[in-house]
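*Asks:* A single structure is presented below for examination.
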Amino acid sequence: MTKPKPLRRSLDSYTIKGTDKSIKPGDCVLMRAPNRSKLPYIAKVESIESDSRGRNVRVRVRWYYRPEESIGGRRAFHGSKEVFLSDHYDVQSAETIEGACVVHNFKNYVRLASVGNDDYFCRFEYDSRTGAFKPDRVAVYCTCEMPYNPDDLMIQCEGCDDWFHPSCIDMTAEEAKKLEHFFCQNCSSNEEKKTQSTQHGSKNSEAKVDNKRRRR
Ligand SMILES: [Zn+2]
Ligand SMILES: [Zn+2]
């Protein structure tokens, strides 16, 4: 006679030990690293299951990697709350879950009014074997031609819509914050040309000529 296999039950949710917070498949969680002095791991919960009596809960997770855990390491444009969605799956005891977190897409993250402890963002998928990223190209900004790091203050040019780090255009962050209008070097020389060719009458061009006079 063969013993029946212990049945595993799939669960719709799990209440994080020591909290009243419950998580469901699809949610993101912080999981205790084996080395307690390390930052918690971040994972997306794929599924939750227990034994037939509802005990011994395990979660199947897909890991997010922090930039320092990637083969290429942390780069200047990586945000402090940036993580990469990896192709690395695992099954872990639900007891290692420390808390829930939110991994935003990049667009939503940069629109957050304030970034909480549990807010992260992801703009790249990461191949844990090769260290490759998807997408492998990303828009670059400023005279330094770097991808956007949402931790850094940038100002947008009203002419070309490009973004600039104050330090790359010889400005302090304080000066940049006070600006009501900003045109980068390229666009301000274009503006001057336009002003010179349309110096007739309209209020607008008077204002621009004024500006020029003041600059002398
Ligand atoms: Zn720059
Ligand atoms: Zn510009």
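The values are calculated or read from the model by the stated rules, or taken from the named source; none is laboratory data. The structure displayed is predicted, hence computed values, not measured ones. Neighbour counts run over all protein chains shown; Cβ positions are idealised from the backbone, glycine included. When the accessible area is computed, the model is the full protein with side chains, heavy atoms only, and any ligands, DNA or RNA have been set aside. Shrake-Rupley method; radii C 1.70, N 1.55, O 1.52, S 1.80 Å.
*Asks:* Just by accessible area at a 1.4 angstrom probe, what is the order of Trp163, Trp63 from largest to smallest?
*Replies:* Trp163, Trp63
*Asks:* How long is the gain from Lys21 to Cys144 if the chain were fully straight, where each residue apart is worth 0.36 nm and the alpha carbon distance is subtracted?
*Replies:* Once the chain is fully extended between Lys21 and Cys144, it gains 39.9 nm.
*Asks:* Something else about it: Among Cys101, Phe84, Pro147, pick out the residue whose Cα is farthest towards the positive end of the charge dipole of the chain, where Lys and Arg carry +1 and Asp and Glu carry -1 on C-beta, about the Cα centre.
*Replies:* It is Cys101, whose Cα lies furthest towards the positive end.
*Asks:* Now, a different point. Set Lys and Arg Cβ to +1 and Asp and Glu Cβ to -1, take the dipole of the chain about its Cα centre, and tell me which of Thr19, Pro135, Ser167 lies farthest positive.
*Replies:* Selected residue: Thr19.
*Asks:* Accessible area, 1.4 Å probe, largest first: how do Asp118, Asp136, Asp162 sort?
*Replies:* From most exposed to least exposed: Asp136, Asp118, Asp162.
*Asks:* Starting from the Cα gyration tensor of segment 84-169, take the square roots of the eigenvalues, sort them a ≥ b ≥ c, and report rounded, prolate or oblate (rounded when a/c is under 1.5, otherwise prolate if a/b is larger than b/c, else oblate).
*Replies:* Oblate, since a/c reaches 1.5 and b/c is not below a/b.
*Asks:* What angle do you read, to the nearest 10 degrees and between 0 and 90, between the alpha-carbon axis of helix 203-215 and the longest principal axis of the chain?
*Replies:* Taking Cα atoms only, the helix is inclined about 80 degrees.
*Asks:* Then there's this: Modelled label-to-label distance, Ser80 and Thr172, 7 Å Cα→beta-carbon offset: nm?
*Replies:* The modelled label-to-label distance comes out at 2.1 nm.
*Asks:* Going by accessible area, probe 1.4 Å, with all protein chains left in place, what is the ranking of Tyr14, Tyr148, largest first?
*Replies:* Tyr148, Tyr14
*Asks:* On average, how much accessible surface per residue is there in segment 1-153, in Å², for a 1.4 Å probe, leaving out ligands, DNA and RNA?
*Replies:* Using a 1.4 Å probe on heavy atoms only, each residue of segment 1-153 averages 63 Å².
*Asks:* With an 8 Å cut-off on Cα pairs and a minimum separation of 6 or more residues, tell me the relative contact order of the chain in percent.
*Replies:* Relative contact order here is 13 percent.
*Asks:* What accessible area, in Å² to the nearest ten, does a 1.4 Å probe give for Lys38?
*Replies:* 130
*Asks:* Collect residues whose amide H, placed 1.01 Å from N in the peptide plane, falls under 5 Å from the amide H of Met31; neighbours closer than 5 in sequence don't count.
*Replies:* Long-range HN contacts for Met31: Tyr41, Ile42, Ala43, Glu98.
*Asks:* If R₀ is 35 angstrom, what is the calculated FRET efficiency for the pair Val91 and Met154, using the beta carbon separation as r and rounding to 0.05?
*Replies:* 0.25
*Asks:* Once you have all Cα-Cα distances for the chain, histogram them in 5 Å bins from zero and send the whole-percent values.
*Replies:* 1, 6, 11, 13, 13, 11, 9, 8, 7, 6, 4, 4, 3, 2, 1, 1, 0, 0, 0, 0, 0
*Asks:* What is the percent carbon and sulfur in the accessible area of the chain, measuring with a 1.4 Å probe over the protein chains and ignoring ligands?
*Replies:* With neighbouring chains kept in place, the figure for the chain is 48 percent.
*Asks:* Starting at the first residue of segment 145-153, write each ³J(HN,Hα) from the Karplus equation 6.51 cos²θ - 1.76 cosθ + 1.60 with θ = phi - 60°, in whole Hz, x for Gly and Pro.
*Replies:* Taking θ as phi minus 60°, the curve returns 6, 10, x, 6, 9, x, 6, 9, 6 Hz for segment 145-153.
*Asks:* A further question on this structure: Note the full-extension length gain between Ala33 and Gln185 as 0.36 nm times their separation in residues minus their Cα-Cα distance, in nm to one decimal.
*Replies:* 49.9 nm
*Asks:* Which far-off residues, 5 or more places away or on another chain, put their amide H under 5 Å from the one on Ser47, with H placed in the peptide plane?
*Replies:* Arg60
*Asks:* Amide H to amide H under 5 Å from Met171: which residues, 5+ apart in sequence or cross-chain, H placed 1.01 Å off N in plane?
*Replies:* Result for Met171 returns nothing.
*Asks:* Residue by residue through segment 46-55, which ³J(HN,Hα) values in whole Hz follow from phi under the Karplus form 6.51 cos²θ - 1.76 cosθ + 1.60 (θ = phi - 60°), with glycine and proline marked x?
*Replies:* With the stated coefficients, segment 46-55 comes to 8, 7, 10, 9, 9, 6, 5, 9, x, 9 Hz.
*Asks:* If you take the beta carbon distance between Ala132 and Val110 as r and set R0 to 30 Å, what does 1/(1 + (r/R0)^6) give as a FRET efficiency, to the nearest 0.05?
*Replies:* E between Ala132 and Val110, to the nearest 0.05, is 0.75.
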